[in-house]
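The values are calculated or read from the model by the stated rules, or taken from the named source; none is laboratory data. Here the structure is a predicted model, which is why all the values come from computation and not from measurement. The accessibility values were calculated without ligands, DNA or RNA, using every heavy atom of the protein model including side chains. Shrake-Rupley method; radii C 1.70, N 1.55, O 1.52, S 1.80 Å.
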Amino acid sequence: MQLHLHHPLEPDSAPRFAAAIVEAAADISGAELDYSPASIDLVEDIVDGFRTDGATSEEMADSLVAFGCYVGEILTRCAGGTWRHTADALPLVVQLPDARECCPIDWVFRRLEAGADVSIRELYTAALPSGTPEADGSRG
């Protein structure tokens with residue numbers, strides 16, 4: 001898959017990609033992405049719209065990466081995760097305080113490919129360390 005990103009996909013650039021997609025989502029669809037776990041539902045809705053329009057992962061790769069960075073930023077802010085490199089095809093993961101890794105960029109690509117069979121919200125909740133309010137059943 002060919003990405004045409006304006007910045008290299010690095011741990012330090014992930015927050016910039018997230019901020020750019022927040023701005024783009026507001027401009028294009030009026031979506032208010034506020035880095036809250038509840039805003040993951042909006043991300044799912046937007047990605048579902050891409051799917052309904054027949055968009056492919058290849059066509060939407062840059063936007064999907066940016067939405068994945070946005071979801072990853074929620075993990076960094078709400079669960080204490082940090083971005084780090086990996087040798088996988090998508091080179092960034094969020095490492096959680098308990099050393100588990102998750103790949104929110106992959107979650108977003110999988111949502112486009114599989115639709116509602118892949119819940120970004122559920123993947124996010126499952127990734128949360130126990131004791132995190134949302135991991136204990138609260139929705140934020």
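Points worth noting:
- Kirkwood hydrodynamic radius (C-alpha pairs) into Stokes-Einstein, the chain, 4 °C and 1.567 mPa s, D in µm²/s: 87 µm²/s
- Distant-in-sequence amide contacts of Ala31, defined by a placed amide H-H separation under 5 Å and a gap of 5 or more residues or a different chain, comprise Ala26.
- Across the accessible surface of the chain, with the other protein chains kept in place and a 1.4 Å probe, carbon and sulfur atoms take up 50 percent.
- Computed over protein heavy atoms with a 1.4 Å probe, the accessible surface of the chain works out to 50 Å² per residue.
- In plain terms, the chain from Ala26 to Glu58 could stretch by 9.2 nm, reckoned as 0.36 nm per residue minus the Cα-Cα distance.
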